[in-house]
Structures are given as structure tokens and as C-alpha cells.
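Colleague: Sharing a structure with you now.
The values are calculated or read from the model by the stated rules, or taken from the named source; none is laboratory data. Quick caveat: nothing in here was measured; it's all calculated off a predicted structure. Here the Cβ positions follow ideal geometry from the backbone for every residue, glycine too, while neighbour counts run over all protein chains shown.
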């Protein structure tokens, strides 16, 4: 699992678990609604990664789920199978093709990404400049500009409908983009706790990267 993907997931985690800004713009109000009112969130997703010329580098799809505090599950179904589970303490990455499981401490694995907000409980406004991107087709656009100069991303855009994200777009420092669109959203519904637990298969090699 590369750092860029961890950073991408880290942004989503920071939005899910971080403290909301206290300002009152429409964009910040929409973001506050997501941070404060959403306890669980699950969806299917499609992800498209492009380079600085707009050429598609990879398309992928799968499903994801988040739960307070600090748990998530991210499944790739295409173009290859891969599973990442965070149980709140460790991140488990399972690659069935390689029959390999990698375990990392969650805080260390996501260190330097926006997911650090998960542990710090800092305000989003401490790590991002928040801009109002306006409303269109019932969606509120929120732009996040990282304040850290060493961030993997130049900017992040989030589209929200009724407090839930339906799309995220990440602009990296080299001009590339990662566009994630969510469908079949479920908000504040019970998610089986087993979804956020992982036991390595008996036939898989376990790599402890802690």
C-alpha cells in the first residue's frame, strides 16, 4: 500500500474524526455537519487516477466503511483484490495474490498525512485553509488547502450532500489527480463490528512493519 493511497484515505479519516472548524460559512457548516453528525459511513466507490496531462493511469473500484472512533475498512475489487482494515490500533493490508499480510501501527503508518488529525484531535482549520467552492446540483463544494508545505497534495475538493460526501478529488504536487466518487451511501446505520477486525489467513505470510 503506497503512501499516496494512505494519504488519500488519511484525508477522509481526518474529515471523519477531526474537530470541525468554528466559522460559519456555508462550506464550513456543511463540513461541520459531516464531522459532528456522521457516526458511521459506508459506500461503494469508483476511483480514477490521472497524470498532469489528464491521461488515466488507473481505474479502481470497491467498497469502504468508516466508524468512530478511528476504524475503517477499504476494499479494492478491481483491477485487483486488496483489503485494508484499521481496527483503531493497527492497519492490516491483505494482498490475496501475494498471500501476504502487512501490519503497521495505525499512527505510524499515517504519520505525515492528514490522518494525523485522528490522533491529535486538532481542528481541521489548523491543517487546512477552508474555502467555499459554491453549490451546484444540490451539492456543496468545499476546498481544503493544506497549510503544511510538505503535504502530498496541493488541494483537496469535497462535494457534500446533506452532510455526506459523494465525491472527493485530490490534486497532487505534480499536477495529477485522484477522483473518488461514492455511490450507495449509508449514513449512521449499524455496521457489524467484525468489519473492522482482521485475522490473517493461515496460509498468508505475515509481515510486521511496526
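Colleague: Restrict the check to the range 62-82 and report whether at least one residue is modelled with pLDDT of 90 or more, under 16 Å from the mean Cα position of the chain (by Cα) and over 16 Å from residue 182 (Cβ atoms).
Modeller: Looking for residues that are modelled with pLDDT of 90 or more, under 16 Å from the mean Cα position of the chain (by Cα) and over 16 Å from residue 182 (Cβ atoms), one finds at least one in the range 62-82, hence yes.
Colleague: Residue by residue through the range 170-189, note down the ones that are under 17 Å from residue 31 (Cα atoms) and surrounded by 18 or more Cβ atoms within 10 Å (Cβ to Cβ).
Modeller: Of everything in the range 170-189, those that are under 17 Å from residue 31 (Cα atoms) and surrounded by 18 or more Cβ atoms within 10 Å (Cβ to Cβ) turn out to be 170, 182.
Colleague: For the range 196-210, what are the residues that are modelled with pLDDT under 95 and closer than 16 Å to residue 70 by Cα?
Modeller: Matches in the range 196-210: 196 only.
Colleague: Turning to a different aspect of this structure: I'd like the residue in the range 54-87 that is outside any strand (DSSP E or B) and in contact with a helix residue (DSSP H, G or I) (Cβ under 7 Å, 6 or more places away or on another chain) and, out of all such residues, is surrounded by the most Cβ atoms within 10 Å (Cβ to Cβ).
Modeller: So, considering only residues that are outside any strand (DSSP E or B) and in contact with a helix residue (DSSP H, G or I) (Cβ under 7 Å, 6 or more places away or on another chain), the one surrounded by the most Cβ atoms within 10 Å (Cβ to Cβ) is 70.
Colleague: Moving to a separate point now. Out of all the residues in the range 34-58, which are within 17 Å of the chain's Cα centre (by Cα) and within 25 Å of residue 80 (Cβ to Cβ)?
Modeller: 41, 42, 43, 44, 45, 46, 47, 48, 49 - these are the residues of the range 34-58 that are within 17 Å of the chain's Cα centre (by Cα) and within 25 Å of residue 80 (Cβ to Cβ).
Colleague: Let me ask another. Under 6 Å between Cβ atoms, which residue pairs at least 6 apart in sequence (or on different chains) link something in the range 83-98 that is over 13 Å from residue 66 (Cα atoms) with a partner that is modelled with pLDDT under 90 and part of a loop (DSSP other than H, G, I, E, B)?
Modeller: From the range 83-98, the pairs are 93/1.
Colleague: Which of the residues belonging to the range 88-107 are over 14 Å from the mean Cα position of the chain (by Cα), modelled with pLDDT under 90 and either in a helix (DSSP H, G or I) or farther than 15 Å from residue 209 by Cβ (or both)?
Modeller: Scanning the range 88-107 gives 88, 107.
Colleague: How many residues, within the range 116-142, are modelled with pLDDT of 85 or more and part of a strand (DSSP E or B)?
Modeller: Looking only at that region, the number is 10.
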